[in-house]
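The values are calculated or read from the model by the stated rules, or taken from the named source; none is laboratory data. Here the structure is a predicted model, which means the values were calculated and not measured. Please note: Cβ atoms are built from the backbone with ideal geometry, for glycine as well, and neighbour counts cover all protein chains shown.
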Amino acid sequence: MLFAYTYVPHQMEKMQEFIDFIFHKVWCRAPMCGDFKLELFDDKPELREVMESFYYSDKQNADFFYGNVEKIYLHFARFSLKQIRKLKWWYLSNNNIEGLCSNQIGLHATHYSDIERKFPDLLNDLKKFFTGLYNFEAKEMSRKVGKIDEHYQAFVEINKSGKCPFCGINDLFGEYHSKREAYDHYLPKAIYPFSSINFKNLVPACHHCNSSYKTSKDPSYSPKAHTRSVERRAAFYPYSTEQHAIVIKVELTNTDIENLKPEDINLQFGPDAVNEKIETWKDIYGVEERYKAKLCAKNDGKEWLVQVFDEWKHLGRDPDDFLQSVDLNFQIRPFTDSNFLKKPFLDACQRIGLFEESYLNMLS
């Protein structure tokens with residue numbers, strides 16, 4: 001991704017605290033605690049209050065939460081301590097989003113397929129609970145944890161770029177909008193158990209990145225060429241505190257810009273130090289296809305070239321002066337007007353001679 005978000009703590013994180021308590025203090029202790037009962041939640045009074053209100057409620061959402069917590073408890077009650085230790089490892093791994101992104105040794109990027117293989121009877125109830133948890137709404141819970149719209153408002157007050165960090169092309173709804181962007185499950189909730197409401201796994205993304213390109217692709221695994229297997233890979237962590245600067249170089253193999261096609265463009269990305277993460281980013285978000293399409297578009301790449309020509313023709317401004325302005329804007333505002341693409345594209349145009357006086361005179 002082009003830049004990392006700043007993580008914004010919020011009351012909504014309390015929902016993850018509740019799930020952590022349920023997993024470690026209720027489910028994992030099930031073999032020693034006997035029947036499922038409200039007293040199991042006494043050490044977390046706010047959660048006990050919610051569970052009690054759900055216990056006496058006949059609403060469907062109350063039954064979803066209380067009923068599934070109880071069903072999963074009954075599964076855990078039959079597990080051995082060795083099995084529970086494995087589930088603890090998987091739970092901790094899947095909630096260490098930064099560690100999974102960096103392919104940290106000692107973590108297991110757990111899929112529902114792992115649950116199915118080792119705990120087949122648990123699979124359906126666990127998947128139903130964690131995939132449904134993100135969209136779960138109940139006023140009894142909202143009073144404790146707040147609402148996601150409130151989190152988004154706090155989020156965009158800190159993250160003010162206004163651009164999607166996964167593509168850099170599209171705008172994001174900001175603090176002055178009444179709507180919000182969808183939160184993408186970076187590690188897809190359809191694939192990964194346990195982290196569906198972990199806010200370090202929830203990242204606002206533009207519609208094209210979230211729904212058109214990433215969909216349910218897995219950042220932590222890539223399909224292995226010519227086989228049905230997959231292999232681990234590193235990915236950018238969306239809330240990394242170690243900032244990186246993606247370097248993009250454009251090479252053009254055709255001087256006929258009016259008829260420029262994607263196959264006439266070569267894109268190179270750096271730096272090499274994060275090459276594996278760059279390759280994952282390109283794969284997940286279709287970056288090369290989208291950038292080439294933008295450079296070929298009449299109102300984008302071709303328009304940038306027309307701007308140079310118009311300034312030369314009507315204002316007598318030397319193309320080198322225009323390029324200096326573009327470079328300054330790129331340094332200060334790389335994502336305004338897609339300067340991070342505009343500069344390397346115009347640099348490429350200059351290298352193939354499109355700003356030489358003979359070429360400009362021909363155009364006039």
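For the reader, a short list of remarks on this structure follows.
- Neighbours by Cβ (under 6 Å, 6+ apart or cross-chain): first from region 6-33, over 17 Å from Phe65 (Cβ atoms); second outside any helix (DSSP H, G or I): Thr6/Asn159; Tyr7/Tyr239; Gln11/Gly146; Glu13/Phe199; Ala30/Ala77; Pro31/Ala77
- Taking the criterion of being surrounded by fewer than 14 Cβ atoms within 10 Å (Cβ to Cβ) and hydrophobic (A, V, I, L, M, F, W, C), the only residue of region 109-166 that qualifies is Ile158.
- Condition check for Phe335 on (1) over 30 Å from Ala235 (Cα atoms); (2) out of contact with any helix residue (DSSP H, G or I) (no Cβ under 6 Å at 6 or more places or on another chain); (3) among the aromatic types (Phe, Trp, Tyr): one failure, at (1).
- Applying the set (1) at pLDDT 95 or above; (2) within 30 Å of Glu242 (Cα to Cα) to Leu40 leaves exactly one unmet item: (2).
- Taken residue by residue, region 309-331 has no member that is in contact (Cβ under 8 Å) with a residue 12 or more places away in the chain and among the small types (Gly, Ala, Ser).
- Complete set of residues in region 109-140 that are without any contact (Cβ under 8 Å) to a residue 12 or more places away in the chain, part of a helix (DSSP H, G or I) and of a type in the set (S, T, N, Q): Ser113, Asn124
- Residue that is nearest to Ser220 (Cα to Cα), among those in region 251-283 that are touching a Cys at 6+ places or on another chain (Cβ under 9 Å) and among the hydrophobic types (A, V, I, L, M, F, W, C): Ile265
- Any hit, region 70-82, residues being at pLDDT 95 or above and more than 22 Å from Gly34 (Cα to Cα): no
- Test result for Asp218, on the phi < 0 side of the Ramachandran plot, touching a strand residue (DSSP E or B) at 6+ places or on another chain (Cβ under 6 Å) and outside the structural domain of Lys282 (by TED's automatic domain parsing): no
- Residue pairs meeting the criteria (Cβ under 7 Å; at least 6 apart or on separate chains; first over 19 Å from Ser240 (Cβ atoms), in region 196-215; second of a type in the set (S, T, N, Q) and outside any loop (DSSP other than H, G, I, E, B)): Ser196/Thr131; Ile197/Gln16
- Filtered residue count, region 256-285, keeping only those that are buried (at least 19 other Cβ atoms within 10 Å of the Cβ) and farther than 24 Å from Ile352 by Cβ: 6
- For region 296-333, a residue qualifies if it is in contact with a Pro (Cβ under 8 Å, 6 or more places away or on another chain) and closer than 25 Å to Lys261 by Cβ, and the qualifying residues are Cys296, Val308.
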